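Asker: Before anything else, here's the structure in question.
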Amino acid sequence: MEAMAMGVRLTELTSCGGCAAKWGAALLGDLVEAARTAGDGALLVGLAPSDDAAVVQVANGVALVSTTDFFPPLVDDPADFGAIAAANACSDVFAMGGDVILALNVAAFPETLPTDVIQAIFRAAAEVVAAAGGVVAGGHTIRSPEPIFGLAVQGVVVPGRQFTKGGARPGDMLVLSKPLGTGLALASGDPDTIGAAIAIMRQLNRSAAARLRDHHDSVHAVTDVTGFGLLGHGWEMADRSDAHLVFDWPSLPLIDGVRAVAEAGVRTGGDARNREYVQDHVVLDAGDTAAAVGFDPQTSGGLLAAVDTALADQLSADGFVTVGQVIAGPATVTLR
């Protein structure tokens, strides 16, 4: 369903959209610190340190994976917006190695927004959650001058089998399940590049996560690449693992058209915030174009995993691309 057929351009109703709307990671860290509590033995993953989702054991052999993610529109088409928001929210559960079981809509819309637009957002999100293996079973909607939509997603995982950002080991290879450049693509103004990015953002990480779970003992760290960009999320993995992550610029998979956009000097609002977040932790040895891609805020990006070398070769058949390696040394990220 085309947005213009409904008389609405969603991106004209907001000042920023997608994961580029996230708070800068440096300030967010201060805010999270105020919310941190010790928890108890049932809390397997919480805020000490934080990860892509919380994990708490609720019964013998069963742990709940819980996350929420929402943002203003980054595209005009309501169905695309709903589908991307749902895929992005479910990704956190997949990054933890869990199975999606339930989702609740988190919605804020102007009262003037046509009902059919909101219905299209809800319908597309529900379809994606169903494809992820779960069901939308409720939610909450409030009035807001700017539209905002996302989901709170619950999943399950066997306790002790969850993935985390920490655990990357020297000798591991770094693999990525989706091409990069969603922020740059959407800012490009080119319909073909934008269309390619939308198709990527609508894709679930379900099958990629399943392949990693199939080889659990050879997978040492996992995260999904979203608003902090490849280098920001790579730094979090390096920090949690006390390891040096090295990304190879020629190996990075890019959405069609993104390299030209980056070379033309296009940058998004999230670029500067992401640079500030990791300025003391990243070594840039590959030039301005590579840095623009590395700092580009992603929405519904791919899974980044540190895995045994032999597994990296196997995962190439499942759509993963080897993008770097883990080496010994203090926590650092290099883009070369």
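The values are calculated or read from the model by the stated rules, or taken from the named source; none is laboratory data. Note that the structure is a prediction, hence the values are computed from the model and not measured. All Cβ positions, even for glycine, are placed from backbone atoms using ideal geometry, and neighbour counts span all protein chains on display. With ligands, DNA and RNA removed, areas are computed over all heavy atoms of the protein, side chains included. Shrake-Rupley method; radii C 1.70, N 1.55, O 1.52, S 1.80 Å.
Asker: Grab the Cα-Cα distance for D242 and R169, subtract it from 0.36 nm times how many residues apart they are, and report the gain in nm with one decimal.
Answerer: Additional length available on full extension: 25.4 nm.
Asker: Using the Karplus curve 6.51 cos²θ - 1.76 cosθ + 1.60 with θ = phi - 60°, what ³J(HN,Hα) values do you get for each residue of the stretch 46-56, in whole Hz, with x for Gly and Pro?
Answerer: x, 9, 10, x, 6, 9, 6, 7, 7, 9, 9
Asker: Checking the a/c ratio against 1.5 first, then a/b against b/c, what shape does the Cα gyration tensor give for the stretch 123-170? Mind showing how you got there, number by number?
Answerer: Working: a/c = 2.87, a/b = 1.87, b/c = 1.53.
Note, shape of the stretch 123-170 comes out prolate.
Asker: Tell me the accessible surface of E12 in square angstrom (1.4 angstrom probe, heavy atoms of protein chains only), to the nearest ten.
Answerer: Around 130 Å² of this residue is reachable by solvent.
Asker: Among residues other than D190 whose Cβ falls under 14 Å from its Cβ, what is the net charge (Lys/Arg +1, Asp/Glu -1)? All intermediate terms of the calculation are to be shown ahead of the outcome.
Answerer: On the way: positive: R259; negative: D192, D256, E263.
With Lys, Arg at +1 and Asp, Glu at -1, the net is -2.
Asker: Once you charge only the Cβ atoms, +1 for Lys and Arg and -1 for Asp and Glu, what is the size of the charge dipole of the chain about its Cα centre, to the nearest 20 debye?
Answerer: 400
Asker: Can you bin the stretch 177-334 into rounded, prolate or oblate? Criterion: square roots of the alpha carbon gyration tensor eigenvalues sorted a ≥ b ≥ c, rounded for a/c under 1.5, prolate for a/b above b/c, oblate for the rest.
Answerer: Oblate, because a/c is 1.5 or more while a/b does not exceed b/c.
Asker: Please report the antiparallel percentage of DSSP beta bridges with both residues in the chain, rounded to the nearest 5.
Answerer: 75
Asker: In the chain, if the dipole is taken from +1 on Lys/Arg beta carbons and -1 on Asp/Glu beta carbons about the Cα centre, which of A54, S251, A124 is farthest to the positive end?
Answerer: A54
Asker: I would also like to ask the following. Relative contact order of the chain, please, whole-number percent, based on alpha carbon pairs below 8 angstrom and at least 6 residues apart.
Answerer: Averaging sequence separation for qualifying contacts and normalising by length gives 23 percent for the chain.
Asker: Here are some values of Rg and Dmax of the Cα atoms in Å: (i) 18.9, 56; (ii) 26.6, 91; (iii) 19.8, 62. Which one was computed from this structure?
Answerer: (i)
Asker: Helix-only mean residue ellipticity at 222 nm, the chain, DSSP H runs n ≥ 4 weighted -39,500 (n - 2.57), per residue, nearest 500. What is it?
Answerer: -10500 deg cm²/dmol
Asker: Quick one: accessible surface of D214, probe radius 1.4 Å, all protein chains present, in square angstrom to the nearest 10.
Answerer: The accessible area of D214 comes to roughly 100 Å².
Asker: Let me ask something else about it. Please give the solvent-accessible surface of I142 in Å², to the nearest 10, using a probe radius of 1.4 Å with every protein chain present.
Answerer: Using a 1.4 Å probe on the heavy atoms, I get roughly 90 Å².
Asker: Rounded, prolate or oblate: which fits the stretch 92-214, taking a ≥ b ≥ c as square roots of the Cα gyration tensor eigenvalues, rounded meaning a/c under 1.5, else prolate when a/b beats b/c?
Answerer: It is oblate, given that a/c is not under 1.5 and a/b is not larger than b/c.
Asker: Relative to the Cα centre, what is the charge dipole magnitude of the stretch 177-333, using +1 at the beta carbon of each Lys and Arg, -1 at the beta carbon of each Asp and Glu, and rounding to the nearest 20 debye?
Answerer: Here the stretch 177-333 has a charge dipole of around 400 debye.
Asker: Treating the beta-carbon of each Lys and Arg as +1 and of each Asp and Glu as -1, no other charges, what is the dipole magnitude of the stretch 116-208 about its Cα centre, to the nearest 20 debye?
Answerer: On the way: 8 positive and 6 negative charges, 91 e Å.
The calculated dipole for the stretch 116-208 is roughly 440 debye.
Asker: Mind listing the long-range amide H neighbours of F71? Cut-off is under 5 Å, sequence gap 5 or more, other chains count too, H placed in the peptide plane at 1.01 Å from N.
Answerer: Correct list: F149, G150.
Asker: Of A168, Y277, L180, which is farthest along the charge dipole of the chain in the positive direction, counting Lys and Arg as +1 and Asp and Glu as -1 at C-beta?
Answerer: Value computed over the given set: A168.
Asker: From the protein chains alone at 1.4 Å, what is the descending order of accessible area for S188, S91, S207, largest first?
Answerer: From most exposed to least exposed: S207, S188, S91.
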